[in-house]
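All remarks here apply to the structure that follows.
The values are calculated or read from the model by the stated rules, or taken from the named source; none is laboratory data. Worth saying up front: this structure is predicted, and the values here are computed from it rather than measured. Every residue, glycine among them, receives a Cβ derived from its backbone with ideal geometry; neighbour counts consider all protein chains shown. Protein only, heavy atoms only, side chains kept; ligands, DNA and RNA dropped before computing areas. Shrake-Rupley method; radii C 1.70, N 1.55, O 1.52, S 1.80 Å.
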Amino acid sequence: MPDPLRGAVIGCGFFAQNHLHAWKDIADVQLVAVCDKDTAKAAAAAERFGVPAHYADAAAMFARETLDFVDVATTMPSHRPLVELAARHRVPVIVQKPFAPTWDDCVAMVAACAAAEVPLMVHENFRFQGPLIAVRAAVAAGTIGVPHFGRISFRTNYDVFANQPYLALEERLIILDLGIHLLDVARVLFGEVETIACRTQRVRPNVRAEDMATMLLHHKSGATSIVDCSYSSRLASDPFPQTLVHLEGPQGSIALLEGYRLRVTGPAGTTERDVATPLLSWTSQPWHVAQESVLNTQRHWVASLRAGRVPETSGADNLRTYALVTAAYRAAAERRAVMPEA
Ligand code: NAD
Ligand code: 89Y
């Protein structure tokens, strides 16, 4: 593989701006092309980030450019055709979440990339957020023992629909858009899931689907976790976009508190420290924790490509997270705990 890697970004909308900034921060990557079916957005991204070529048609881009990887940052309906296009050109691909609108699409993308022997990673970035990396490190340090209970929570009234208006129209809203990240974090902290129960609520009048979900997970390890998310919580101070975590183990507890405070209680007492993400030249409050996680995620992709390693959130791995999403919807519809089918 050449030095630096030649990358391209497909989809130059709202969230892709973070991808574009992050690629510019990674010395081992040179963006050679950007693509958006909206030509004005592709041209604006090329201009803003100094990318030599821009396209409105991904097929034309693959035909003309020599790429070491492609970053698909479009919304989910286009993921499968774009990932399969990349696979046909034998170009490694990182693709945004949610992986796809349906389970079958997700499986098809994993199969297409496997058949073409092309690395595939889902841009599942919450587990790469600085504060959540600090939680993972605190667990690994062993102070509390192996966690047997936890709560992973994301509740806000922030107007996510202003930047992402398509969310209001989705048939499946918060579990697929946001719960998916938290379910992934639950897998990271407690391992795979045996059963999941779920209740959903639609609180806002102007959204089509659920904007609140409460999930109860029983993990194969024996641990129990609660994963809850809301886009309609009027709180004294709105923590958006913070994920709050509470973990208990046989020897103590770990809490990621609002304001990015990490509190660890173990046999020797309690410590508390600041695990806030520092601001980068291109990040700003309150999004900075999400923005920096994009950089961490993309660095992980590049390091995995260079080492020939399977990334943590490979397509195959993400099937297990996606299976929890589909299981959660099924559990809510059937009003019973179900086993994820991955
Ligand atoms: P957006 O609508 O602002 O941008 C998507 C862009 O993709 C648009 O400009 C559109 O023209 C372009 N596009 C669509 N199909 C295309 C195709 N076939 N070829 C070329 N361009 C195409 O959407 P967004 O809010 O930026 O979201 C993009 C993705 O990022 C979504 O999947 C969303 O869930 C995800 N997202 C992730 C996070 C996170 O933290 N991981 C946060 C926000 C959004
Ligand atoms: O779409 C969501 C996501 O993936 O992370 C945060 C978000 O942009 C709004 O909650």
For the stretch 282-338, what does the alpha-carbon gyration tensor say about shape, rounded, prolate or oblate, given a ≥ b ≥ c as the root eigenvalues, a/c under 1.5 as rounded, and a/b over b/c as prolate? oblate
Show me, for the stretch 50-58, the HN-Hα J-couplings you get by feeding each phi into the Karplus relation (A = 6.51, B = -1.76, C = 1.60, θ = phi - 60°), rounded to Hz, glycine and proline as x. x, 9, x, 10, 9, 9, 9, 10, 4
What figure, in Å² to the nearest 10, do you get for the accessible area of Leu295 with a 1.4 Å probe and non-protein molecules left out? 10 Å²
Springs between alpha-carbon atoms under 10 Å, Gaussian network over the chain: tell me which of Val275, Val34, Val95 tops the mean-square fluctuations. Val275
Taking Lys and Arg as +1 and Asp and Glu as -1, residues besides Ala137 with C-beta under 13 Å from its C-beta add up to +3
Any residue on another chain or 5+ positions along whose placed amide H is under 5 Å from the amide H of Met121 is listed here as Val93, Ile94, Val95, Gly315
Given the rule -39500 (n - 2.57) for each run of at least 4 DSSP H residues, summed and divided by the residues of the chain, what is its mean residue ellipticity at 222 nm, to the nearest 500 deg cm²/dmol? -10500 deg cm²/dmol
FRET efficiency estimate (nearest 0.05) - Cβ-Cβ, Asp3 to Gln251, R0 45 angstrom: 0.45
Using the crude model of +1 on Lys and Arg Cβ and -1 on Asp and Glu Cβ, and no other charge, please compute the dipole size for the stretch 129-215 relative to its Cα centre, in debye to 20. 220 debye
With x for Gly and Pro, the residue-by-residue ³J(HN,Hα) of the stretch 262-267, computed from phi through the Karplus equation 6.51 cos²θ - 1.76 cosθ + 1.60 at θ = phi - 60° and given in whole Hz, is 9, 10, 10, 10, x, x
Heavy-atom SASA rank of Glu194, Glu65 (probe 1.4 Å, accessible area, largest first): Glu194, Glu65
Rounded if a/c is under 1.5, else prolate if a/b beats b/c, else oblate: with a ≥ b ≥ c from the C-alpha gyration tensor eigenvalues square-rooted, which is the stretch 77-209? oblate
Within the stretch 296-339, the residues whose backbone N lies under 12 Å from a label point placed 7 Å from the Cα of Thr195 along the Cα-to-Cβ direction are 336-339
Set of aspartates and glutamates with alpha-carbon distance to Lys37 below 13 Å, sequence-local pairs under 8 removed: Asp57
Given a 1.4 angstrom probe, what's the average accessible area per residue across the chain, in square angstrom? 41 Å²
What ranking of Trp103, Trp282 comes out by heavy-atom accessible area, probe 1.4 Å, highest first? Trp103, Trp282
In the chain, taking the dipole from +1 charges on Lys and Arg beta carbons and -1 charges on Asp and Glu beta carbons about the Cα centre, the listed residue (Gly222, Thr102, Ala316) farthest towards the positive end is Gly222
Coil-residue trypsin sites (Lys or Arg not before Pro) of the stretch 153-245, DSSP, other Cβ within 10 Å capped at 16: Arg202, Arg208, Lys220, Arg234
Listed residue (Leu182, Pro131, Thr200) projecting farthest to the positive dipole end of the chain, Cβ model: Thr200
Considering only DSSP beta bridges whose two residues both sit in the chain, what percent are antiparallel, to the nearest 5? 60 percent
Placing unit charges on C-beta atoms (Lys and Arg positive, Asp and Glu negative, everything else neutral), compute the dipole magnitude of the chain about its Cα centre in debye, rounded to 20. 420 debye
How much length, in nm to one decimal, is gained on full extension between Glu117 and Arg88, taken as 0.36 nm per residue of separation minus their Cα-Cα distance? 9.4 nm
Highest-fluctuation residue, Gly315, Gly142, Gly150 considered, GNM on the chain with Cα pairs under 10 Å: Gly142
Among Gly259, Ser284, Pro4, whose Cα sits farthest toward the positive end of the charge dipole of the chain (+1 at Cβ of Lys/Arg, -1 at Cβ of Asp/Glu, about the Cα centre)? Gly259
P(r) of the stretch 38-91 over all Cα-Cα pairs, 5 Å bins starting at 0, rounded to whole percent, reads 4, 18, 28, 28, 17, 5
Computed over the Cα atoms of the stretch 207-306, what is the ratio Rg over Rh, Rh following Kirkwood? 1.02
With a ≥ b ≥ c taken as the square roots of the eigenvalues of the C-alpha gyration tensor of the chain, please select rounded if a/c is under 1.5 and otherwise prolate if a/b is larger than b/c or oblate if it is not? prolate
State, as an integer percentage, the relative contact order of the stretch 15-120 based on alpha-carbon contacts under 8 Å between residues 6 or more apart. 20 percent
Provide the FRET efficiency to the nearest 0.05 for the Arg330-Arg202 pair, computing r from the beta carbons and using R0 = 30 Å. 0.95
Work out, step by step, the length gained on full extension between Ala236 and Ala60: first 0.36 nm times the residue separation, then minus their alpha carbon distance; give nm to one decimal. 58.3 nm
Can you tell me how much longer the chain between Leu244 and Ala108 gets when fully stretched, taken as 0.36 nm per residue apart minus their C-alpha distance, in nm with one decimal? 45.6 nm
Using a 1.4 Å probe on the protein heavy atoms, what percent of the accessible area of the stretch 223-342 belongs to carbon and sulfur? 52 percent
With the cut-off at 21 Å, report for the stretch 1-119 the share of all Cα pairs above it, as a whole percent. 32 percent
